[in-house]
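Read the structure below first, then the notes.
Here, each number is a calculation from the coordinates, and none is a lab measurement. The structure displayed is predicted, hence computed values, not measured ones. Here the Cβ positions follow ideal geometry from the backbone for every residue, glycine too, while neighbour counts run over all protein chains shown.
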Amino acid sequence: MKLLHIDSSALGTGSVSRELSAALVRKFVTQYPSAEIRHRDLAADPLPHWTPNADGDVARPIRDGEILEEFLAADHIVIGAPMYNFGIPSQLKAWIDRIAVAGKTFRYTENGPQGLAGGKKVVIASSRGGIYSVGAAAGMDFQEAYLRTVLGFVGITDIEVIRAEGVNLGADQRKAAIAGAHVLIGEETLLAA
């Protein structure tokens, strides 16, 4: 069993998404002690933005192939995804650009696109400074909705979100949001195979 752990927050030790993704990985290791864990820190080791060459073709460097292969090899994926300006960090978008590859993780058919990377379980450790899951601000959520859409596009439908939101609305709200997320992480069935 292989787990790929992705972190994308630039906040280091102050990051809520990093705290939650680390707790998810600890939970996974408890459930599957012999699992192989691969950690990719997209803030510490960022990928350049994806660009085609002058002819419009995409020359994929060796590193891009390694990123794609580690994604394809993973049975479980934990993604630490903070909300930045209503969306995901650009570091995480650069990673997604390496895993959304026609002919590898999806293909176009006469009936529309078809995902080829199904059979994986993804847990997203989401953190947000405000409240975007309900109310008037829900329409500004381009973070979780985007991640669900792009993962679904490549065939992954087994997706859970562990969310801590409102973490910048005061110390009490931050503490309650993080504690609530840890309760969800503690649920026994969260990372069931």
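So the values come out like this:
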{"quantity": "Convex hull volume per residue in cubic angstrom - Cα atoms of the range 1-55", "calculated": "95"}
{"quantity": "The range 121-193 - charge dipole about Cα centre, Lys and Arg +1 at Cβ, Asp and Glu -1, debye rounded to 20", "calculated": "180"}
{"quantity": "Estimated dipole of the range 2-185 in Debye, rounded to 20 [Cβ of Lys and Arg +1, of Asp and Glu -1, Cα centre]", "calculated": "380"}
{"quantity": "For the chain, built as a Gaussian network whose Cα springs stay under 10 Å, the top-fluctuating residue of Asn111, Asn85, Asn168", "calculated": "Asn111"}
{"quantity": "Ranked by how many other beta carbons lie within 10 Å on average, peptides 138-150, 10-22 from highest", "calculated": "10-22, 138-150"}
{"quantity": "Mean residue ellipticity (222 nm) of the chain, computed from DSSP H runs ≥ 4 via -39,500 (n - 2.57), nearest 500", "calculated": "-10500 deg cm²/dmol"}
